[in-house]
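The values are calculated or read from the model by the stated rules, or taken from the named source; none is laboratory data. What you are looking at is a predicted structure, and each value in this text was computed from that prediction instead of being measured. Heads up, the Cβs are rebuilt from the backbone with ideal geometry, glycines too, and the neighbour counts pull from every protein chain shown. All accessible areas refer to the heavy atoms of the entire protein, side chains included, with ligands and DNA or RNA removed. Shrake-Rupley method; radii C 1.70, N 1.55, O 1.52, S 1.80 Å.
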Amino acid sequence: IETVDGTAVTITGLEFDSRRVLPGQLFFAVKGTVSDGHDYIDAAIDKGAKGVICQELPERLREGVSYIRVADSNAAMGSIASAFYGHPSRHLKLVGVTGTNGKTTTATLLYDMMRGLGYKSGLISTVTYCIDGRCLDSTHTTPDAIRLNSMLAEMVGVGCDYCFMEVSSHSVVQERIAGLEFVGAIFTNITHDHLDYHGTFAEYIRAKKLFFDGLPKGAFALVNADDRNGNVMVQNTVATVKTFSLKSFADFQCRIVETHFDGMLLRIDGAEVWVKFLGRFNAYNLLGVYAAAVLLGADRHEVLT
């Protein structure tokens, strides 16, 4: 990129926290709920930032620095981070899981299952981030766009075929997933939660729905047909819609045959399967995992065994 005085500079990294800026990096001035990154542009430059992405240009433009004004710094950070790390989501099969409950279980079981079937996989969840078998504690349900793309690039680097990630409503609204290309999305359910952030239940639903609105045509949108908001999620998606249910007709169906103190006997698409899980909520999670694995091309019988 070029600086204000026309000098070309090479960007060595990306950062949105002025305290962590290193020489040569591109700084994103992001407007947050607590602080505004625009107030720290000079601090970032003092630490060596050579470029600034901002929604409002500062009054004083400093020599040797490139300033780029954008409509939304968060959205720009997602797109630029994806490009900086070589568009990693294009080089593996990325599946997002959203909903109020069941996200972590669904994403983790998919990760474990696909690794069990011999595929290198990644996991981004509320509990942990895993790059194939190497795991570390997570900091957010969905990390910031820079860290997210960095981890996806690491997954690509070690040959991962899949990545399963929780997609929170916060991350959708804050554009953390901007620039990512998903092959599939799973909707578990919605309950009245996170209204402290979204304000109203309608806004919470809208945030979840935006994820499905942005799916590409070749992706799948797998929704829980027993949640009345399942149909709302896919009203405007161009992805292929598939459904799963414990109560009614759907593309993927399950029934709880027996419940014991140490597990359940399920009938999934006509086949009986014993699982060491309890509760209807886990039956939904397991059915969603089965359906997603089949949609990803896994052998139905291998998945059920």
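Evaluate the Kirkwood expression for the hydrodynamic radius of region 123-170, namely the inverse of the mean inverse distance over all pairs of different C-alpha atoms, and round to one decimal in Å.
In region 123-170 this quantity evaluates to 10.7 Å.
Once each part is reduced to its C-alpha centroid, what is the distance from region 267-289 to region 4-65 in angstrom?
Centre-to-centre (Cα) distance: 50 Å.
Helix-derived [θ] at 222 nm for the chain: sum -39500 (n - 2.57) over DSSP H runs of at least 4, divide by residue count, nearest 500?
-8500 deg cm²/dmol
Tell me, what is the per residue accessible area of region 199-270 in Å², probe radius 1.4 Å?
50 Å²
For the chain, take the longest principal axis of its alpha carbons; what is the angle in degrees between that and the long axis of helix 73-84, to the nearest 10 within 0 to 90?
That works out to roughly 80 degrees.
Let a ≥ b ≥ c be the square roots of the eigenvalues of the Cα gyration tensor of the chain; is it rounded (a/c under 1.5), or, if not, prolate (a/b larger than b/c) or oblate?
Cα axes put the chain in the prolate bin.
Rounded to the nearest 10 Å², what accessible area does V70 have for a 1.4 Å probe in the complete protein model?
Rounded to the nearest 10, that gives 40 Å².
Using label points projected 7 Å from each Cα along Cα→Cβ, tell me how many nm separate D39 and F277, to one decimal.
It works out to 4.5 nm between the two label points.
Please state, rounded to one decimal and in Å, the Kirkwood hydrodynamic radius that region 253-305 gives when every pair of distinct Cα atoms enters the mean of 1/r.
Over region 253-305, the inverse of the mean reciprocal pair distance is 11.1 Å.
Nearest 10 degrees, 0 to 90: what angle lies between the long axis of helix 103-116 and the longest principal axis of the chain (Cα atoms)?
That helix lies at roughly 80 degrees to the long axis.
Could you state the angle between the C-alpha long axis of helix 201-213 and the longest principal axis of the C-alpha atoms of the chain, as a value from 0 to 90 degrees rounded to the nearest 10?
With both axes taken from Cα atoms, the answer is about 90 degrees.
Express the carbon and sulfur contribution to the solvent-accessible surface of the chain as a percent, rounded to the nearest whole number, probe 1.4 angstrom.
Summing carbon and sulfur atoms, their accessible area is 50 percent of the total for the chain.
Once the piece of chain linking D72 and H301 is laid out straight, how much longer is it, given 0.36 nm per residue of separation minus the C-alpha distance between them?
Answer, rounded to one decimal: 77.8 nm.
So which trypsin sites (Lys or Arg not before Pro) in region 248-304 end up in coil per DSSP with only 14 or fewer other C-beta atoms within 10 Å?
Passing sites in region 248-304 are K276.
From the alpha carbon gyration tensor of region 20-170, can you work out the equivalent ellipsoid semi-axes (sqrt of 5 times each eigenvalue) and give them in Å, largest to smallest?
34, 16, 12
Each label point is 7 Å from the Cα along the Cα-to-Cβ direction; what then is the distance between the points at K217 and R62, in nm?
4.7 nm
Could you calculate the FRET efficiency of S248 with T126 from 1/(1 + (r/R0)^6), where r is the beta carbon distance between them and R0 is 35 Å, rounded to 0.05?
0.70
Which cysteines in the chain lack any other cysteine whose Cβ sits under 4.7 Å from their own Cβ?
Result for the chain is C54, C160, C163, C254, no neighbouring Cys Cβ within the cutoff.
Which of rounded, prolate, oblate describes region 3-91, given a ≥ b ≥ c as roots of the alpha-carbon gyration tensor eigenvalues and a/c under 1.5 marking rounded, otherwise prolate only if a/b is larger than b/c?
oblate
Aspartates and glutamates near K242 by alpha-carbon distance under 12 Å, same-chain residues fewer than 8 away left out - which ones?
D251
Could you state the orientation-averaged shadow area of the convex hull built on the Cα atoms of region 99-205, in nm² to one decimal?
It is 6.6 nm².
Take every Cα-Cα pair in region 179-305 and report what % of them are more than 20 Å apart.
Considering region 179-305, 49 percent of its Cα-Cα pairs are separated by more than 20 Å.
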